[in-house]
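Asks: Can you read through this structure? Questions will come right after.
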Amino acid sequence: MLSVTRRLFLAGTAISLVNAPKITFAEAPKRGGVLRMSVDQAMSVIHPMLARVNPEYLLTELLYSNLTRLKPDMTVEPDLALSWESNAALTEWTFKLRPGVTFHDGSPLTADDVVATINAILNPKTASPGRTNVGPIKEVAALDPLTVKFTLSGAYADLPVALTYLNARIVPAKIVAGDLASLSITANGTGPFKLTSYEPDRRIIVERNPVYYDPMRPYLDRIELLVYPDRTAEASAMISGEIDLLLTTTPGEYERLVKADGVKALRTPSGQFLNINLGCDQKPFNDVRVRQALALAVDREATVGFVAGGYGTPGNDTPLSSAYHFYKNIPLKKPDIAKAKQLLADAGYPNGIDLTLIASDKPATRTQLGVAVREMAATAGFRINVQTMPHATYLDQVWKKGNFYVGFYNMQPTADAIFNLLYTSNAAWNETRWNNSEFDAVINAARVENDEAKRTALYAKAQNMMNAEVPTVISAFFDLLAAQRSYVDGYILHPRGSVFRLDMVSLGAGAPKRA
């Protein structure tokens, strides 16, 4: 190990003062200021256990805290939990809570709040997507006011990661026991900001929590979240300086922002994807040959160019991109129109088939993918009518109900999380209704396996099964694209796509003064 004595240090300092270039040190973040951030859709759901889309996740992250959270390198770090440990079998986990934390109403955070929150998430009546994504939790108990013990139904190495889940924000036990639904219109978390104004379709304002557990953060006094449904208008607002930070943008607007003065365009690879959901319990997609035919009609390389503007990578009908730990590099499916036509004929459609593909208008790439698939699949015999509808209508009438529609998902923290969110038989959002007991068994075996090689083999099998049986067509993964004004400091575009950390953001020289 290299050691440095005081004498050696002083000698080195003397040399550096004469010959070395001027050394500059990063300035500490400045306190104060108002940040205006844009989002592209309304934040209609404020309930932390029920949030569904990125702007809603952003808002609940500002107001609440999890036990743990994901760093940009996808490793886990403490949030409300200071430390954690498991038994050797990975079936019992003990978390130590941060002392002195209070909710926004001044009440102290205790282990009872964690127990009540987790139990509410696990209760099917709550209908939280977190129910199947916070881990195989059998029981949760308070050992003392600052210690929580999780007992699992099986070994699970990913529990600290699973508790970063977006719907696992900790809420007061008294609200869970009283009126949990009240969180749909009010907020009471331990997060870095407090809710002060709520107009979900137009503007939401939060102000700095003066008693946040980290006395140094957040740096900003106030954040205004502004809804810009039109991406072009949103990018123009960024270029003019009307807004300071833009949550996400399209490839076309990104290229405009790259060239703008005073704007820093942001880009990072991710596991975010669009998919074509196929209702596996209804005709015609209850026949695997129809699903396979559609998959063989799609040109995946072309999809990346057409839908992602070249800012992405091809997909292979599994939800894992190369950004995931257990990704398996299966040979990419190539368009095979002759084989697709034969599969359709074998399934009873020798003269082709008529279908209506539904796409929400948010994000606009859903419709773009629909149009691309319509054109690609036409030569194989798929006559597809693409129907676009407002996002709110889509969520109410199509999402989890439809037979043939375009979905959109962020990268999840683990392979287990994405499989159990969307593709196991009991998945909270099992849109395709692909109920495959063998696949379920593989995923369950992987989540309780502590041996890395065995887990790798199990997740490889799961990806092979989805690639072969095609409950969904995933033809492209997106890079995340965003932008900020040059005076915004501390913001990192997170590959998860739904982690934001605005408590780390500050305003530097040149930032506008706002009341």
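The values are calculated or read from the model by the stated rules, or taken from the named source; none is laboratory data. Keep in mind that what you see is a predicted model, and the values were worked out from it rather than measured. Cβ: placed from backbone, ideal geometry, glycine included. Neighbour counts: every protein chain shown. Note: accessible area is taken over every heavy atom of the protein model, side chains too, but ligands, DNA and RNA are not part of it. Shrake-Rupley method; radii C 1.70, N 1.55, O 1.52, S 1.80 Å.
Asks: Arg36 is checked against (1) in a loop (DSSP other than H, G, I, E, B); (2) of a type outside the set (Phe, Trp, Tyr); (3) out of contact with any helix residue (DSSP H, G or I) (no Cβ under 8 Å at 6 or more places or on another chain); (4) buried (at least 17 other Cβ atoms within 10 Å of the Cβ) and fails just one. What number does that condition carry?
Replies: All conditions are met except number (1).
Asks: On to the next question. What number of residues in the stretch 381-414 are part of a loop (DSSP other than H, G, I, E, B) and either open to solvent by 30 Å² or more (accessible area, probe 1.4 Å) or over 22 Å from Tyr349 (Cβ atoms) (or both)?
Replies: 11
Asks: Out of the stretch 318-354, which residues are open to solvent by 20 Å² or more (accessible area, probe 1.4 Å) and either of a type in the set (Asp, Glu) or part of a strand (DSSP E or B) (or both)?
Replies: The answer is Asp336, Asp346, Asp354.
Asks: Still on this structure: In the stretch 284-317, which residue that is over 24 Å from Asp346 (Cβ atoms) and of a type outside the set (Gly, Ala, Ser) is surrounded by the most Cβ atoms within 10 Å (Cβ to Cβ)?
Replies: Out of the qualifying residues, it is Val307.
Asks: Under 6 Å between Cβ atoms, which residue pairs at least 6 apart in sequence (or on different chains) link something in the stretch 475-504 that is surrounded by fewer than 20 Cβ atoms within 10 Å (Cβ to Cβ) with a partner that is among the small types (Gly, Ala, Ser) and not in a strand (DSSP E or B)?
Replies: Here the result reads Ser486/Gly262; Tyr487/Gly508; Tyr487/Gly510; Tyr487/Ala511; Asp489/Gly508; Met504/Gly490, each pair linking the stretch 475-504 to a residue that is among the small types (Gly, Ala, Ser) and not in a strand (DSSP E or B).
Asks: OK, next. So, in the stretch 263-281, how many residues would count as being open to solvent by 70 Å² or more (accessible area, probe 1.4 Å) and either touching a strand residue (DSSP E or B) at 6+ places or on another chain (Cβ under 9 Å) or of a type outside the set (D, E, K, R) (or both)?
Replies: Number satisfying all stated conditions: 3.
Asks: One residue is enough: does the stretch 468-485 have a residue meeting the conditions among the hydrophobic types (A, V, I, L, M, F, W, C), in a helix (DSSP H, G or I) and within 26 Å of Asp287 (Cβ to Cβ)?
Replies: yes
Asks: A follow-up question, please. Among the residues of the stretch 121-144, what is the count of those that are hydrophobic (A, V, I, L, M, F, W, C) and farther than 14 Å from Leu163 by Cβ?
Replies: 4
Asks: Would you check which residues across the stretch 429-453 are in contact (Cβ under 8 Å) with a residue 12 or more places away in the chain, open to solvent by 30 Å² or more (accessible area, probe 1.4 Å) and in a loop (DSSP other than H, G, I, E, B) and list them?
Replies: Arg433, Asn435, Val448, Glu449, Asn450, listed by residue number.
Asks: Give the residues of the stretch 132-170 that are open to solvent by 10 Å² or more (accessible area, probe 1.4 Å), in a loop (DSSP other than H, G, I, E, B) and within 14 Å of Trp84 (Cβ to Cβ), sorted by residue number.
Replies: Leu146, Ala157, Asp158, Thr164
Asks: Checking Ser270 against (1) of a type in the set (Gly, Ala, Ser); (2) touching a Lys or Arg at 6+ places or on another chain (Cβ under 8 Å); (3) closer than 21 Å to Pro512 by Cα: exactly one of these is not met. Which one?
Replies: (3)
Asks: Given the conditions (1) open to solvent by less than 50 Å² (accessible area, probe 1.4 Å); (2) over 27 Å from Lys194 (Cβ atoms); (3) in a strand (DSSP E or B), which single one is not true for Met74?
Replies: All conditions are met except number (3).
Asks: Of everything in the stretch 124-158, what is among the polar types (S, T, N, Q), within 22 Å of the chain's Cα centre (by Cα) and within 29 Å of Ala453 (Cα to Cα)? Give them in sequence order.
Replies: Scanning the stretch 124-158 gives Thr132, Asn133.
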